[in-house]
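What follows is one structure encoded as structure tokens, with my remarks underneath.
The values are calculated or read from the model by the stated rules, or taken from the named source; none is laboratory data. All values derive from a computational prediction rather than experimental measurement. So basically every Cβ, Gly included, is an ideal-geometry build from the backbone, and we count neighbours across all protein chains shown. Areas reflect the complete protein model, heavy atoms only, side chains present, ligands, DNA and RNA absent. Shrake-Rupley method; radii C 1.70, N 1.55, O 1.52, S 1.80 Å.
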Amino acid sequence: MTLRREEHVSIPESDLEGVSVDTLAVRAGQIRTEQLEHGDAIFPTSSFVYGSAAQAAARFGGDEPGNIYSRFTNPTVQAFERRIAAMEGGERAVATASGMAAILATCMALLKAGDHVVCSRGVFGTTNVLFQKYLAKFGLETTFVSLTDMAEWQSAMRPETRLLFIETPSNPLCEVADMSALADLAHSNDALFVVDNCFCTPVLQRPFEFGADIVIHSATKYLDGQGRCLGGVVVGSDKPMEEVYGFLRSAGPSLSPFNAWVFLKGLETLPIRMRAHCENALELARWLVQQAGVTRVFYAGLGDHPQHALAARQQSGFGGVLSFTVAGGKDAAWAFIDATRMISITANLGDVKTTITHPGSTTHGRLSPEDKQRAGITDDLIRISVGIESLDDLKTDLKRGLAALPG
């Protein structure tokens, strides 16, 4: 009997060539079993059975493809890896237990003692701590520079520089990097260019098209989109990803099958959610600019943002995260946050529920006062990850914060 096309065990990659990221988010990478289930299957097993001792030896030795042990081969995890790789336009992806595990796996797999990293100051605070405190113990040196000042990047380069690392847009000030210029700088110095694409996702930005070698995500954020579980993923060409996979296989910062299944479901709605996040964030940014007590708004969608034109060129939307400063310093910022009633006070982002936090005491709280100052993390700064609730309701809640400001 000839199976109908939709009854094939999986959709061949050739059938998805040239389709949009919206379609890839729904269709790419799915593994169907002989039961021909329509939804993605979960494989909650720690190990897999072999037909013979010889087959077990062949799989462990790499002479035969197939599942071995869920620390490094699980069909549900592989489905997620294939889908996000297709969406980003990369050859291969390796999923990890968290976004930080993705950064750690990349560095441990591709760098060695004596290597040098140049990293933007405008990164998640824990990324800074990982480079500055923990990886430094193993002989890796990191220089932190302004995301947008190419002269600083050029001055920081050394013969032993092997990796340039950025987030764009940055967390939490929404600065935007010129990815093509940084890719050229990295490649002219035989270094890798790594982009954390957490804020934009492949729906809004595809760093490989601007010269990136590796793209990293905290899948915990927008890829899930509903704050349900932790995960990360590294995407790139096959050779470096084989090294990252080797580290994962040996060290074990692995993504669970259940979390991979949750992320597969999250990816299906990612394009729709990202457009809603962008629409709400742009309107809220424009509204906040007009409010008394708000001294500055950081959002690349605003026309007066220093990198507005660059963001419009590199991104198909400006994202769902914005930040702003308020008159009155830390006390005023905390009063604003505490006065809200609906918006969630949490440091997570990328959720359909709007969240609010004080970066100086949460996401970047472990940085020294000097590092905070260099990164632009001031006491009066508030970050909002804008969800998909009614704009009128969000404004009503933020008005409570505005009413709590002094004067």
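Below is a table of values for the structure above.
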| read-out | value |
| --- | --- |
| Over region 58-199, relative contact order from alpha-carbon pairs under 8 Å, at least 6 apart, % | 18 |
| Equivalent ellipsoid semi-axes, region 32-180, via Cα gyration tensor eigenvalues times 5, rooted, Å | 38, 20, 13 |
| The chain - Debye-derived log10 I(q)/I(0), Cα point model, q = 0.08 Å⁻¹ | -0.44 |
| Modelled FRET efficiency - R0 45 Å, Y69 with A312, Cβ distances, 0.05 increments | 0.45 |
| Cα-Cα over 22 Å, subset of K112/K133; K221/K330; K137/K239; K133/K221 | K221/K330; K137/K239; K133/K221 |
| Aspartates and glutamates whose Cα lies under 18 Å from that of K395, excluding same-chain neighbours fewer than 8 positions away | E279, E283, D338, D351 |
| Exposure ranking of H308, H217 by accessible area [1.4 Å probe, largest first] | H308, H217 |
| Helix 75-88 vs. the chain, principal-axis angle (Cα, 0 to 90°, nearest 10) | 50 |
| Compactness relative to 2.2 N^0.38 Å, alpha carbon Rg of region 337-400 | 1.21 |
| Y50 - accessible surface, heavy atoms, 1.4 Å probe, Å² rounded to 10 | 60 |
| Full-stretch length increase - R249, R27 - with 0.36 nm per residue and alpha-carbon distance subtracted | 77.2 nm |
| Folded to 0 to 90 degrees: helix 329-339 orientation relative to the chain principal axis, Cα | 70 |
| R0 of 35 Å, Cβ-Cβ distance M150-D238: FRET efficiency to nearest 0.05 | 0.70 |
| In region 214-262, trypsin sites (Lys or Arg not before Pro) in a DSSP loop with at most 15 other beta-carbon atoms within 10 Å | R228 |
| Structure-based [θ]222 nm, the chain - -39500 (n - 2.57) summed over DSSP H runs of at least 4, per residue, nearest 500 | -11500 deg cm²/dmol |
| Spin-label pair R341/N189, simplified geometry with 7 Å Cα→Cβ offset, distance in nm | 5.3 |
| Candidates T33, T340, T142, ranked by Gaussian network fluctuation over the chain, Cα under 10 Å, top entry | T33 |
| Simple label model, 7 Å out from Cα along Cβ direction - K112 to E34, nm | 4.7 |
| Cβ-Cβ FRET estimate between F48 and D331, R0 fixed at 41 Å, reported to 0.05 | 0.10 |
| Portion, in percent, of the accessible area of the chain that falls on carbon or sulfur, probe 1.4 Å | 52 |
| Y69 long-range amide H proximity, modeled H, under 5 Å | none |
| Gain in span if fully extended, A57 to S180, counting 0.36 nm per residue against the direct Cα distance | 39.7 nm |
